[in-house]
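Right, one structure below, let's go through it.
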Amino acid sequence: MDATLAGEKRLLKLNELEEWRERAYDNAVLYKTKTKRYHDKGLVPKVFQPGQMVLLFNSRLRLFPGKLKSRWSGPFVIKEVFPHGAIEIYKPGDEDNPFKVNGQRLKIYKGGDVERHKVALIFGDP
């Protein structure tokens, strides 16, 4: 048993292990960049202008949970678009009460007037 020979062999193994780690790190970086590129390819940027009508996504719909209740409310009108992604909106007819929301919670409203009907179901004997 030569101690110097065993020491050199140990150093070679450690260097080889470090090379494997570096290759694994490089492969992980490549995988993440390819995955990000694939994901970003499907994203469509939203561009909003003042005066445009939009719908607002309500993510906190917990008071009246239901499968048939829509999470989109509106339509709202855009008052101002800020460069950092916030958008100031208001209800049509209520221009004095604008509020700011995140631009990711909005989508362009493409329909006409919204008609909301209330339906009452009466269960009982005929």
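Among the residues of segment 48-63, those that are at pLDDT below 90 and open to solvent by 70 Å² or more (accessible area, probe 1.4 Å) comprise Arg60, Arg62, Leu63.
Report yes if Phe99 is out of contact with any Leu (no Cβ under 6 Å at 6 or more places or on another chain), open to solvent by 70 Å² or more (accessible area, probe 1.4 Å), aromatic (Phe, Trp, Tyr) and modelled with pLDDT of 80 or more, otherwise no. Yes, satisfied.
Taking the conditions exactly as written (outside any loop (DSSP other than H, G, I, E, B) and modelled with pLDDT under 85), does Gly66 satisfy them or not? No, not satisfied.
The values are calculated or read from the model by the stated rules, or taken from the named source; none is laboratory data. Worth saying up front: this structure is predicted, and the values here are computed from it rather than measured. All Cβ positions, glycine included, derive from the backbone under ideal geometry; neighbour counts span all protein chains shown. Accessible surface is based on the protein model in full, side chains and every heavy atom, while ligands, DNA and RNA are left aside. Shrake-Rupley method; radii C 1.70, N 1.55, O 1.52, S 1.80 Å.
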